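Have a look at the structure below, then the notes.
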Amino acid sequence: MATNTVTLVGNLVEDPELRFTPSGVPMAKIRLAVNRRWRDQNGEWQEDTSFFTGTIWREQAESVAESLQKGTRVIVTGRLEQRSWETQEGDKRSVVELQVDEIGPSLRWATAQVTRTTRSGGDFNAGAPAAPPPGPVARTDYGPDEAPF
């Protein structure tokens, strides 16, 4: 079975661009710069940058547009898709783009605060806020050989 899954870590080169399809489905476009650094045979540092365009759909697109901005270091997983077309002059063109499954800020050199959003449809909690887990309960029934700490 062949798989097509990639994970990229890089910086957003511009703010995510939120758009809506004619039927109202949200989509966001991102551009990601992935830097590679290595030492050559002479021990000198070399650097190369690759740029990727990605597409995020639906509620996640809205969350990305609201939460991430240019310069944010992100971790992205998804799949590569090749798209081909022909120009008005008859030249054939193609591009490989990333269809994003998951995206989030990298915490290597940053911190983040996560706020859960309510899901529209398909969530068996039906948008109800999650109840916090029960806290510890103080014990009062200590035996003769126990000391409360």
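The values are calculated or read from the model by the stated rules, or taken from the named source; none is laboratory data. Bear in mind that the values here come from a model prediction, so they are computed numbers and not experimental data. Glycine gets a Cβ as well: all are built from the backbone with ideal geometry, and neighbour counts include every protein chain shown.
What's the total number of residues in segment 1-20 that are surrounded by 11 or more Cβ atoms within 10 Å (Cβ to Cβ) and assigned to a loop (DSSP other than H, G, I, E, B)?
Here is the first cut: in segment 1-20, the residues surrounded by 11 or more Cβ atoms within 10 Å (Cβ to Cβ) are 6, 8-20.
Applying the additional criterion that residues be assigned to a loop (DSSP other than H, G, I, E, B) yields 13-16.
So the answer is 4.
Within segment 104-128, take every residue that is among the polar types (S, T, N, Q) and within 20 Å of Ala61 (Cβ to Cβ) and give me the one that is modelled with the lowest pLDDT.
Step one: filter segment 104-128 for residues among the polar types (S, T, N, Q), giving 106, 111, 113, 115, 117-118, 120, 125.
Filter once more, keeping what is within 20 Å of Ala61 (Cβ to Cβ): 106, 115, 117-118, 120.
Values: Ser106: 92, Thr115: 82, Thr117: 77, Thr118: 74, Ser120: 63.
Ranking the qualifying residues of segment 104-128, first place goes to Ser120.
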Please go through segment 80-117 and give me each residue that is touching a residue at least 60 places away in the same chain (Cβ under 8 Å) and β-branched (Val, Ile, Thr), ordered by number. Val100, Ile103
Matching residues in segment 83-96 - criterion: being in contact with an Asp or Glu (Cβ under 8 Å, 6 or more places away or on another chain) and not β-branched (Val, Ile, Thr): Arg83, Lys92, Arg93
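Among the residues of segment 21-79, what is the count of those that are of a type outside the set (A, V, I, L, M), assigned to a helix (DSSP H, G or I) and without any contact (Cβ under 8 Å) to a residue 60 or more places away in the chain? Don't jump to the end; show me each part of the working.
To start, the set of residues in segment 21-79 that are of a type outside the set (A, V, I, L, M) comprises 21-24, 26, 29, 31, 35-55, 57-60, 62-63, 66-67, 69-73, 77-79.
From what is left, the residues that are assigned to a helix (DSSP H, G or I) are 58-60, 62-63, 66-67.
So of that shortlist, the ones also without any contact (Cβ under 8 Å) to a residue 60 or more places away in the chain come out as 58, 60, 62-63, 66-67.
Qualifying residue count, segment 21-79: 6.
With the condition kept exactly as written, say whether any residue in segment 44-51 is exposed (fewer than 10 other Cβ atoms within 10 Å of the Cβ) and closer than 17 Å to Thr5 by Cα. Before the answer, list the steps.
Start the filter on segment 44-51 by keeping residues that are exposed (fewer than 10 other Cβ atoms within 10 Å of the Cβ), which leaves 44-45, 47-48.
The next check asks that each one be closer than 17 Å to Thr5 by Cα; those that pass are none.
No, segment 44-51 contains no residue that is exposed (fewer than 10 other Cβ atoms within 10 Å of the Cβ) and closer than 17 Å to Thr5 by Cα.
In this structure, does Val34 turn out to be over 20 Å from Ile75 (Cβ atoms), surrounded by fewer than 17 Cβ atoms within 10 Å (Cβ to Cβ) and among the β-branched types (Val, Ile, Thr)?
Numbers: over 20 Å from Ile75 (Cβ atoms): no; surrounded by fewer than 17 Cβ atoms within 10 Å (Cβ to Cβ): yes; among the β-branched types (Val, Ile, Thr): yes.
The answer is no for Val34.
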